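The values are calculated or read from the model by the stated rules, or taken from the named source; none is laboratory data. Owing to the predicted nature of the structure, the values given are computational and were not obtained by experimental measurement. All Cβ positions, even for glycine, are placed from backbone atoms using ideal geometry, and neighbour counts span all protein chains on display.
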Amino acid sequence: MTGPRGGTLRLGARAFGPRQLLVMAIVNRTPDSFYDRGASWDAGAAMERVRTVVAEGADIVDIGGVPAAPGAEVTVAEEIRRTVPFVAAVRGAFPEAVISVDTWRHQVARELCAAGADLINDSWGGWDERLPEVAAESGAGLVCSHAGGLPPRTRPYRAEYDNVMASVLQRTLALADRAVAAGVDPSRVLIDPAHDFGKNTWHSLEVTRRLGEMVAAGWPVLISVSHKDFIGETLNAGRDQRLAGTLAATAVCAWLGARVFRAHQVTQTRQVLDMVAAIRGDLAPARAVRGLV
């Protein structure tokens, strides 16, 4: 099936129109995240991060307890320990916030939704087939992504596709259909090409270039490109030198119709999205006096 073409996206108690561009702020409850290297591992630092991104205008706060990269095992119990009490605290402090949780495990997702999460952000392409069941039971949304069939926390090795966008569409649309069949509200389903997951740099560049094909499928598209390896390899840029490339990719994806943008830098991402919205006529300038006075 195609998605609710051009429809309202509903997350928690909030409703977002089809032309609204949303910033999803990243909050990592891990000591070894690839970009911030554990800056919000401490609970106090993590809550301060939430306060900051909410003040900066984040529409969604995305909380995760397991890094995407290979590394030390994080058990179900440990992931719950890292994230569930924190999500409950965020819900208490910010009752109106839209809270997303980055997990691929249905056991963890169930606890997180009970603690107040509104959206399950599954970066690993439906590896756990029970996630839609949890989303449906709790009334949460679900992100359906393409990870090339890889198990969680594994890197691609000589990834090959006859047509990478065809593979992305086949997988994400099948997952969206599965979610709706399980009872997830269609207005709470998003699809994500999952840059770098199961892909090399050429693949991630191609799915960016062809993102309009995903948008045409009708489901709201989420992108997560912030400081990723395909940007670093394209620009020969280190981990701390990828902001310009991140914002360029963000602007292209916004222009092509993506609606949700997972990001480390909220203020800069918001400015890029507002500029794109103004260029396409969806947002008035904050002020316009040049040539008028």
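Restricting to region 13-40, and then to whatever is surrounded by fewer than 21 Cβ atoms within 10 Å (Cβ to Cβ) and modelled with pLDDT of 90 or more, can you tell me which residue is farthest from LEU256 (Cα to Cα)? Ranking the candidates gives ALA13 first.
For the structure I just gave you, tell me whether HIS203 is within 25 Å of LEU119 (Cα to Cα) and buried (at least 16 other Cβ atoms within 10 Å of the Cβ). Steps first, please.
Working: within 25 Å of LEU119 (Cα to Cα): no; buried (at least 16 other Cβ atoms within 10 Å of the Cβ): yes.
Against the criterion (within 25 Å of LEU119 (Cα to Cα) and buried (at least 16 other Cβ atoms within 10 Å of the Cβ)), HIS203 does not qualify.
When region 128-151 is examined, which residues are found to be hydrophobic (A, V, I, L, M, F, W, C) and within 17 Å of the chain's Cα centre (by Cα)?
First pass over region 128-151, keeping only residues hydrophobic (A, V, I, L, M, F, W, C): 131, 134-136, 140, 142-144, 147, 150.
Hits for region 128-151 are LEU131, ALA135, ALA140, LEU142, VAL143, CYS144, ALA147.
Here is the figure for region 106-120: residues that are buried (at least 24 other Cβ atoms within 10 Å of the Cβ) and within 14 Å of PRO132 (Cβ to Cβ) total 3.
Mind telling me which of the residues SER226, SER187 ends up being modelled with pLDDT of 95 or more and in contact with a His (Cβ under 8 Å, 6 or more places away or on another chain)? Exactly one residue qualifies, and that residue is SER226.
Can we say ILE279 is over 25 Å from GLY141 (Cα atoms), modelled with pLDDT of 95 or more and among the β-branched types (Val, Ile, Thr)? Full working, then the answer.
Numbers: over 25 Å from GLY141 (Cα atoms): yes; modelled with pLDDT of 95 or more: yes; among the β-branched types (Val, Ile, Thr): yes.
Yes: the conditions hold for ILE279.
Results for (1) assigned to a helix (DSSP H, G or I); (2) free of Cβ contacts under 8 Å to residues at least 24 places away in the same chain; (3) closer than 26 Å to ALA55 by Cα; (4) in contact with a Phe, Trp or Tyr (Cβ under 7 Å, 6 or more places away or on another chain), shown as yes or no for each residue.
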residue	(1), (2), (3), (4)
LYS199	no, no, no, no
VAL207	yes, no, no, no
GLU213	yes, no, no, no
ILE223	no, no, yes, yes
THR246	yes, yes, yes, no
PHE261	no, no, yes, no
ALA278	yes, yes, yes, no
ALA286	no, yes, yes, no
GLY291	no, yes, no, no
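Residues in region 50-67: is at least one loosely packed, with under 14 Cβ neighbours inside 10 Å, out of contact with any Pro (no Cβ under 6 Å at 6 or more places or on another chain) and over 27 Å from ASP229 (Cα atoms)? Taking every residue of region 50-67 in turn, at least one turns out to be loosely packed, with under 14 Cβ neighbours inside 10 Å, out of contact with any Pro (no Cβ under 6 Å at 6 or more places or on another chain) and over 27 Å from ASP229 (Cα atoms).
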